[in-house]
Structure formats: C-alpha cells, structure tokens
Amino acid sequence: AWAANVIWSLRAGPRRFNELRTDIPPISAKVLSTRLTELEQRGVLSRNVQPTSPPSVEYALTELGGELVPALEAIVEVGHRLKMRDEA
C-alpha cells in the first residue's frame, strides 16, 4: 500500500531515507525500508550510496519507475475532482 506513496515522493527527484519518512509521516521505518527494498528489486527505483562520512543513501526513480508517475497523477486528479464534487 505504501509503494505508491514512495513513488509519488520520488517523482520530484532523489531523496534520502529520512526525507522519505518526513514526506510520508504515518509510515514506520521498518515498512519504508521493506518497500524501498521491494521497489529496488522490481527495478522501480535505484539505491545510490553516497561516498560521504558517514555514508548516506539516496533513492531515485528508474526509467520504469518514472513511467508510473503519470498513472499516479491521473489517480490524484480524479481524487481531487471527487473531493470537489463531494464538497459542492
């Protein structure tokens, strides 16, 4: 269920683990770590270890992951329209 949130957060560019946790407040560190691993294994995102001290890791969408963004944008747009309709 959290995979779409992770992809949505990465659509703007690479993010570090703690940045993703901030973007998706209700997600636990364990669940986020699990989703990141699954999405990396499926080729949706890449994991890049930065040569800093201490090392940091950035996650970014792959080309395949980028192809999912328009579908998520369409879902968000429909959600906004439904919300506006319900408020009217």
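In table form, for the structure just shown:
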| item | result |
| --- | --- |
| Residues located in region 24-40, provided they are assigned to a loop (DSSP other than H, G, I, E, B) and either open to solvent by 60 Å² or more (accessible area, probe 1.4 Å) or under 17 Å from Gly66 (Cβ atoms) (or both) | Pro25, Pro26 |
| Of all residues making up region 1-18, the number that are farther than 18 Å from Val69 by Cα and either loosely packed, with under 12 Cβ neighbours inside 10 Å or touching a helix residue (DSSP H, G or I) at 6+ places or on another chain (Cβ under 8 Å) (or both) | 2 |
| Test set (1) in contact with a helix residue (DSSP H, G or I) (Cβ under 6 Å, 6 or more places away or on another chain); (2) crowded, with 16+ Cβ neighbours inside 10 Å - Gly43 fails condition number | (2) |
| Candidate set from region 53-88 (those that are over 17 Å from Gly13 (Cα atoms) and of a type in the set (Asp, Glu)); member that is surrounded by the most Cβ atoms within 10 Å (Cβ to Cβ) | Glu77 |
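The values are calculated or read from the model by the stated rules, or taken from the named source; none is laboratory data. Being a predicted model, the structure only gives us computed values, none of them experimental. Quick reminder, even Gly has a Cβ in these numbers, built from the backbone with ideal geometry, and neighbours come from all protein chains shown. Calculation scope for accessible area: heavy atoms of the full protein, side chains included, ligands and nucleic acids excluded. Shrake-Rupley method; radii C 1.70, N 1.55, O 1.52, S 1.80 Å.
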